[in-house]
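Asker: Quick one: this structure, given as structure tokens, is what I'll be asking you about.
What follows draws every value from the coordinates through simple rules; no lab data is involved. In this text, all values refer to a predicted model and were calculated from it rather than measured experimentally. We place every Cβ from the backbone using ideal geometry, glycine too, and count neighbours over all the protein chains shown.
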Amino acid sequence: MNGLMMDTSLSITSIIKHAEQVNGDTEIVSVTSDNPRHRYTYREAFARARRLANAIAGWGLEQGDRIATLAWNDYRHFETYYSSACSGYVCHTVNPRLFPEQLVYIINHAEDKYVFLDPDFVPLVEGLASQCPGVQGWVVLTSEDNMPGTSLDNVICYETLVASGDEHFEWPELDENTACALCYTSGTTGNPKGVVYSHRSTLLHAYATMMPDAMGLSRKDVVLPIVPMFHVNAWGTPYSCPIAGAKLVFPGSKMGDGETLATLINEEGVTMSAGVPTVWLGLIAYLKASGKRVDSLKSIIVGGAACPLSVMEDFDTFGVDTHVGWGMTEMSPLGSVNSSPSSREDYSDGDYAKVRLKAGRPIFGVEMKIVDDDGKDLPWDGEAFGSLKVRGPWICSSYFKLEGSDAHEEEGWFETGDVATIDPDGFMAITDRTKDVIKSGGEWISSIEVENVATDHPKVAEAAVIGHFHPKWSERPLLIVVKGPEGDDLSEEEMLAWFDGKIAKWWTPEAVQFVDELPHTATGKLQKVKLREMFKDYSFPE
Ligand code: AMP
């Protein structure tokens, strides 16, 4: 016997209707290149999203076609999210921090038909547009007055486009499994892989993130998403905030600037924020240097990389609760949040520090397990560590246009590439990574690609790159080199100079260490775990 409940579609279009009717007066505030403080309401935002959708409808796109964005967190990006997805297209958020070859690959692999770009990225796009023949037009996210001069063909001004649309556009009915967004994530080897979110997965994820022990969002909140909208949909905040009725504050391109963040927090009354450890270091440094405070800010979620204890303790002095969050692009992204133990008083200081550093408990909807090398379940005793696997309705079941990935080898489970322990209370802690990548300031560096460039150097016999703790960037690449027969005089300077122009500047190793040999397994495979162990006491030069 089935239940007798209505089968209404779990689509993000329903967020629009709800936010317009119930939270219509709540504000969205943005920093943009043409306005240091743009403000309007959800009602106005969705009226413009409708105009935009109506204008785009004239382009003759088909359902499922991809519309890309290369944009900072701001209101125009927010409008583009909804206009494209709720029209039945897929909003493909492209990470502008990737280097041009990867951008070209991603735009072509996704078969993007139009690209909406911030004026800041016009020079970047001019350099690659000719290699993206499938793109029919480039929409610059600004007004006519602020349109930059450009050599791009088929350029459209965003504000002119919005003005040409009809506000009375009717959103189409969409099946809840329709794709709404696409985001690529860099892998260990090969090209970035696309994760396709559906309306259903996005809506369920938004519901879950609003729960009190997750992001705990309500109408009283003012949320500053510092995590980019081009990196896993700013952790779902563009969806969860209009549902909750929380005010949104978008920092635009200023997401790394401590002073701008502090000013936005104080002037807009921000209560909650989310971002990677590196951005918090910038804010803390500014607060300490200026003597300012951020009294409205009650809590932050720190994710994307391990959060240093010093960040938590610094925020303690400002009265801000720091919660570690863990997740992945493949998980929409939220998987766990450390909403901390029942009471701080129950713990000694040392134990409290240990608990709060963990990645937290799975949020309802995400199932986790840790397994050994034979795939057998490991106990949740806080000691046993193994490969972390997850499943749930907002976790990807396969990658876009990619048959059979290793991560999906076990039917129904996704292998995260993280190694973890889980304690009897359900607190998961990341202890290592099986995927060979480095996360610097929240963005991926492929160690294998860096190693390939290093070993091309005529004086290098063998090279390995490991992610190593860095106080500002969480991790930076440390290059470990075995010199070849001609390499006696190979210096760190010469080695580092070799990377110029071969990889993105921020992928260049932070430092080089020379060794006589690298550790290998019996089959000749490099033992990265052993290498990390060998250099665990190493510190990058100041
Ligand atoms: P991304 O898909 O770029 O969001 O990266 C996801 C990966 O970032 C995870 O698989 C982890 O390796 C890492 N990560 C995310 N959150 C944390 C955290 N709280 N602690 C340690 N690593 C994390």
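Asker: What net charge do the residues around Thr317 carry, taking every other residue with its C-beta under 14 Å from that of Thr317, with Lys and Arg at +1 and Asp and Glu at -1?
Answerer: Details: positive: Lys288, Lys292, Arg293; negative: Asp295, Glu313, Asp314, Asp316, Asp321.
Cβ neighbours under 14 Å give a net charge of -2.
Asker: Continuing with the same structure: May I ask you to work out the translational diffusion coefficient for the range 267-325 at 37 °C, viscosity 0.692 mPa s, via Stokes-Einstein with Rh from the Kirkwood sum over Cα pairs, reported in whole µm²/s?
Answerer: 287 µm²/s
Asker: List every residue whose amide H lies under 5 Å from the amide H of Ser440, counting only residues 5 or more places away in sequence or on a different chain, with H placed 1.01 Å from N in the peptide plane.
Answerer: Ile445
Asker: Enumerate the amide H contacts of Thr69 below 5 Å, restricted to partners 5 or more residues apart or on another chain; note that Pro and chain-start residues carry no placed amide H.
Answerer: So Thr69 has HN proximity to His92, Thr93, Val94, Phe116.
Asker: What ranking do Glu170, Glu542 get, fewest neighbouring Cβ atoms within 10 angstrom at the top?
Answerer: Values: Glu170 9, Glu542 4.
The order, fewest Cβ neighbours first, is Glu542, Glu170.
Asker: Measuring from centroid to centroid over Cα atoms, what is the spacing of the range 408-458 and the range 169-211 in Å?
Answerer: 22 Å
Asker: For Thr434, enumerate residues with amide H under 5 Å from its amide H, sequence gap 5+ or separate chain, H modeled in the peptide plane.
Answerer: Asp418, Val419
Asker: Relative to the longest principal axis of the chain, what angle (0 to 90°, nearest 10) does the C-alpha long axis of helix 100-110 take?
Answerer: Roughly 50 degrees, rounded to the nearest 10.
Asker: Tell me, what are the semi-axes, in whole angstrom and largest first, of the equivalent ellipsoid of the range 121-226 as set by the roots of 5 times the Cα gyration tensor eigenvalues? Don't skip to the end; give the middle numbers.
Answerer: Values: eigenvalues 198, 101, 60 Å².
Equivalent ellipsoid of the range 121-226: 31, 23, 17 Å, largest first.
Asker: May I pose another question? In degrees, nearest 10, range 0 to 90: what is the angle between the Cα axis of helix 277-290 and the longest Cα principal axis of the chain?
Answerer: Approximately 80 degrees, to the nearest 10.
Asker: Further question: Report, to one decimal in Å, the Kirkwood hydrodynamic radius for the chain based on all distinct Cα pairs. Provide the component values of the computation, followed by the final result.
Answerer: Values: mean 1/r = 0.0410 Å⁻¹.
After inverting the pairwise mean of 1/r, the radius is 24.4 Å.
Asker: Let me ask you something else. Rounded to whole Hz and in sequence order, give me ³J(HN,Hα) for the range 302-310 from the Karplus expression 6.51 cos²θ - 1.76 cosθ + 1.60, θ = phi - 60°, writing x for Gly and Pro.
Answerer: Residue by residue, the range 302-310 yields 10, x, x, 6, 4, 9, x, 4, 4 Hz.
Asker: Extending each Cα 7 Å along its Cβ direction at Asp175 and Trp59, get the distance between those two points in nm, one decimal.
Answerer: Placing both labels 7 Å beyond Cα along the Cβ direction yields 2.4 nm.
Asker: Continuing with this model, one more query. Excluding residues fewer than 8 places away in the same chain, name every one of the aspartates and glutamates whose C-alpha is closer than 15 Å to that of Lys472.
Answerer: Hits, sequence-local ones excluded: Asp257, Asp314, Glu443, Glu510, Glu542.
Asker: Would you calculate, for the chain, the mean residue ellipticity at 222 nm contributed by helices, counting each DSSP H stretch of 4 or more residues as -39,500 (n - 2.57) and dividing by all residues, to the nearest 500? Present the calculation step by step, with values, prior to reporting the outcome.
Answerer: Numbers: 16 runs with 148 residues, N = 542.
Dividing the helical sum by the residues of the chain leaves -8000 deg cm²/dmol.
Asker: Note down the net charge around Thr8, summing +1 for each Lys or Arg and -1 for each Asp or Glu among other residues with Cβ under 14 Å from its Cβ.
Answerer: Numbers: positive: Lys17, Arg200; negative: Asp7, Glu173, Asp175, Glu176.
Result for the neighbourhood of Thr8: -2.
Asker: Taking neighbour counts of Cβ atoms within 10 Å as a proxy for exposure, in what order, fewest first, do Glu403, Glu79, Glu173 appear? Don't skip to the end; give the middle numbers.
Answerer: Details: Glu403 7, Glu79 25, Glu173 10.
Lowest count first: Glu403, Glu173, Glu79.
Asker: I'm a student and want to see the number: the projected area of the Cα convex hull of the range 344-435, averaged over all directions, in nm².
Answerer: Its average projected convex-hull area is 6.8 nm².
Asker: Which whole number in µm²/s is D for the range 192-307 by Stokes-Einstein, with the Kirkwood Rh taken over Cα pairs at 25 °C and 0.890 mPa s? Present the calculation step by step, with values, prior to reporting the outcome.
Answerer: Details: Rh = 14.6 Å.
Translational diffusion coefficient: 168 µm²/s.
Asker: Determine which aspartates and glutamates satisfy two conditions relative to Lys113: a Cα distance under 17 Å, and not lying fewer than 8 residues away in the same chain.
Answerer: By straight Cα distance, Lys113 reaches Glu62, Asp65, Glu126, Asp153.
Asker: What three numbers, in Å, describe the spread of the alpha carbons of the range 302-354 along their principal axes, ordered from the longest?
Answerer: 36, 21, 17
Asker: Over the Cα atoms of the range 437-534, each weighted equally, I'd like the Debye log10 I(q)/I(0) at q = 0.10, 0.20, 0.22, 0.25 Å⁻¹, rounded to two decimals.
Answerer: Here the Debye-derived log intensity ratios amount to -0.25, -0.99, -1.18, -1.43.
Asker: Hey, what D do you get for the range 1-102 in µm²/s if you plug the Kirkwood alpha-carbon radius into Stokes-Einstein at 25 °C and 0.890 mPa s?
Answerer: Working: Rh = 15.4 Å.
It comes out at roughly 159 µm²/s.
Asker: Round to the nearest 10 and give me the degree value, 0 to 90, for the angle of helix 13-22's Cα axis relative to the longest principal axis of the chain.
Answerer: Approximately 60 degrees, to the nearest 10.
Asker: So what's the net charge close to Ala214: Lys and Arg +1, Asp and Glu -1, counting the other residues with Cβ under 14 Å from its Cβ?
Answerer: Working: positive: Arg361; negative: Asp213, Asp221, Asp321.
Taking every other residue near Ala214 into account, the sum is -2.
Asker: Give me Lys483, Lys358, Lys193 ranked fewest to most by other Cβ atoms within 10 Å of their Cβ, as a rough exposure proxy.
Answerer: Details: Lys483 19, Lys358 25, Lys193 22.
Sorted ascending by nearby Cβ count, the order is Lys483, Lys193, Lys358.
Asker: Which of Lys193/Lys220; Lys247/Lys389; Lys439/Lys530; Lys254/Lys369 have a Cα-Cα distance over 29 Å?
Answerer: Lys193/Lys220; Lys247/Lys389; Lys254/Lys369
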